[in-house]
Every structure is written in structure tokens, then in C-alpha cells.
Amino acid sequence: MAGTGGGGRVVDPVGKAGYELAFEDTFNGGALAPARWLPYYLPQWSSREAAAARYQLGDGVLRLLIEADQPPWCPEFDGQTRVSSLQTGVFAGPAGSTIGQSRFQPGLIVRQAQPAARLYTPQYGLFEMRAKAIDDPRCMIALWMIGFEDQPNRSAEICISEIFGRNVTPGHMGVGMGLHPFGDPAIRDEFSVEVLDIDPGEFHVYAAEWTPGHVAFFVDYRLVKTVGQSPGYPMQVMLGIYEFPDDEQAAPSAHRYPKQFDVDYIRGYRPAKRQPGGKA
């Protein structure tokens, strides 16, 4: 188990004592809930049309897809990368400005202005996803949280689960987890890939507890890593599958299109309000 510790007692992720449900999607309907999700990826750097997610819903599972005819989401700034992703908020400046969430490289320019939206932007809590990874060497699946970035320094990332297909082998899986600072000078980069002895062909539960003093990371309700630092501002949820261009170094893809990321549920819990007498 990796980690730096500190920041107080880590929650039991099964009992979830001290937390109450605040956000849940079990994907049982025939359409995504517009009150929960924006179905495009960082559209300010491209457009809602170019960055639109492709997905299917059925049997209580969300399937985020990369399809054969899917164009790159943002060729100007991210080359031939293709993405199908959902998010629970968006903030950006006017077209032509440099103000926007997740400034993943220098020189980004807002190409399409976005009305600000805060569908679900918690500060602290317990967050979990039940999902199945993909072993395609050109793909990555991820559940992460980014600062809403209404101020430039509120920009750190909590990576709850980041799985590259190249790190998925029979009986083992490399799961990335940790913090990235981006533009937040108060956060240091503290990210690692933890190799776990689990069956990648099955659904697994990935979770993180985010408190003022620490972020703890779990897989299948087992504590894997704790970091003793924490962003102190609202963050939004990002959920997606990525396909990267063939760099002639990755192994040939064994997956036909569509490539898919299966998600059973997403849940977010907030710290429970204390009742008279001091009990939560």
C-alpha cells in the first residue's frame, strides 16, 4: 500500500460512517439525466459538437464509446485523440480568451464560450464508481475530479482511477491514483500507478475519500493509498474513455470498434450534518 498518510482517520468505505448520499446515477433510464451530466469533454477548447460523447444506455449500464467514425475531440490542441466523456460542471471565459478548466497544455485558447454550469461541484466527500476496465493498449479510462476553476489556482486534479489498457494484463491491473496540481501552487504532484492483483474482466469499485486533510484511495473497498494533502475548493466529476493515436510503439489493438467503457454506477457522498447532541 502506497501513501504518505496524515490528515486524520480514513473512512471505512463499506459502512461510510459520517457520510450521506448526495449524488447517484445507476444509469437505469433510457437517457442521461441532464440535471447530472454535461455530455461533452472540455468543450471550451473545441466545441460542444466536436467534443460530444458517444454512449449507450442499457441493462442499467452506461457504455461510453469510441467509434470507428468518431472524429478527434480537439485536433487544434490535442491532435488525433478521441474522447467520450461526461462532466458535472463547466466554466470558461469568452471565445479568444485563455480562461478555462483543465489547461492541459500551454497556448490553449477558448474556441467556444460556455455558459457556466455547476450540476454537481462538491467540496469534500466520498466518491465511488463501479466499472469495468478495457485492455486496449491505445485506450485509457478514468474517473477524476478537477477544480471548477472560477479562480485560476483552483485547478488541481484528484485522479480517483486512471487505467491505461497497456497496464491491464490477465490477473493484474495498474490503477493510477493521486493528485496533480496543474495551476494550484498549494498542491504538489503526488500520483502513482498501483499494480493490483484483480481480474480486469470483472467490474470493480474505485473510490476516494476527500477531506480537508487527506485524500484516500480505495479499490474494491480496500485502502490502497493515502496522500496527506487536499484541494480546498469545489471540484467537478469527469468520467471518460480516451483513445490515443497510434505512435507505432503501442501493441496492436485487439479490440474492434466500438471500444467501450462500462460503468454500473457513480455515487457521491457528502459529510453528514451533525445532529443535536453531536452525532452525525
Where residues in segment 152-167 are assigned to a loop (DSSP other than H, G, I, E, B) and touching a residue at least 60 places away in the same chain (Cβ under 8 Å), which of them is most open to solvent (accessible area, probe 1.4 Å)? 154
Condition set among the basic types (Lys, Arg) and farther than 22 Å from residue 182 by Cβ, scope segment 61-105, selection surrounded by the most Cβ atoms within 10 Å (Cβ to Cβ): answer is 82
Within segment 82-120, which residues are of a type outside the set (Gly, Ala, Ser) and part of a strand (DSSP E or B)? 82, 83, 86, 87, 90, 118
I need the full set of residues from segment 173-199 which are hydrophobic (A, V, I, L, M, F, W, C) and either at pLDDT 95 or above or surrounded by fewer than 16 Cβ atoms within 10 Å (Cβ to Cβ) (or both), in order please. 173, 175, 177, 179, 186, 187, 191, 193, 195, 196, 198
Does residue 123 count as open to solvent by less than 60 Å² (accessible area, probe 1.4 Å), in contact (Cβ under 8 Å) with a residue 24 or more places away in the chain, in contact with a Pro (Cβ under 7 Å, 6 or more places away or on another chain) and assigned to a loop (DSSP other than H, G, I, E, B)? no
The lone exception for residue 269 - which of (1) modelled with pLDDT under 95; (2) not in a loop (DSSP other than H, G, I, E, B) it fails: (1)
I'm trying to understand the selection: among the residues of segment 126-151, which are assigned to a strand (DSSP E or B) and among the acidic types (Asp, Glu)? 128
Residue list for segment 39-60, filter: farther than 17 Å from residue 141 by Cβ, in contact (Cβ under 8 Å) with a residue 60 or more places away in the chain and either of a type in the set (Ser, Thr, Tyr) or surrounded by fewer than 22 Cβ atoms within 10 Å (Cβ to Cβ) (or both): 46, 47, 48, 60
Would you list the strands (runs of 3 or more DSSP E) that sit entirely within segment 8-81 and hold 2 or more residues that are of a type in the set (Phe, Trp, Tyr)? 19-25
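The values are calculated or read from the model by the stated rules, or taken from the named source; none is laboratory data. Every value quoted in this text rests on a predicted model; they were computed, and no experiment measured them. Here the Cβ is made from the backbone with ideal geometry for all residues, glycine too, and neighbour counts use every protein chain on show. Areas reflect the complete protein model, heavy atoms only, side chains present, ligands, DNA and RNA absent. Shrake-Rupley method; radii C 1.70, N 1.55, O 1.52, S 1.80 Å.
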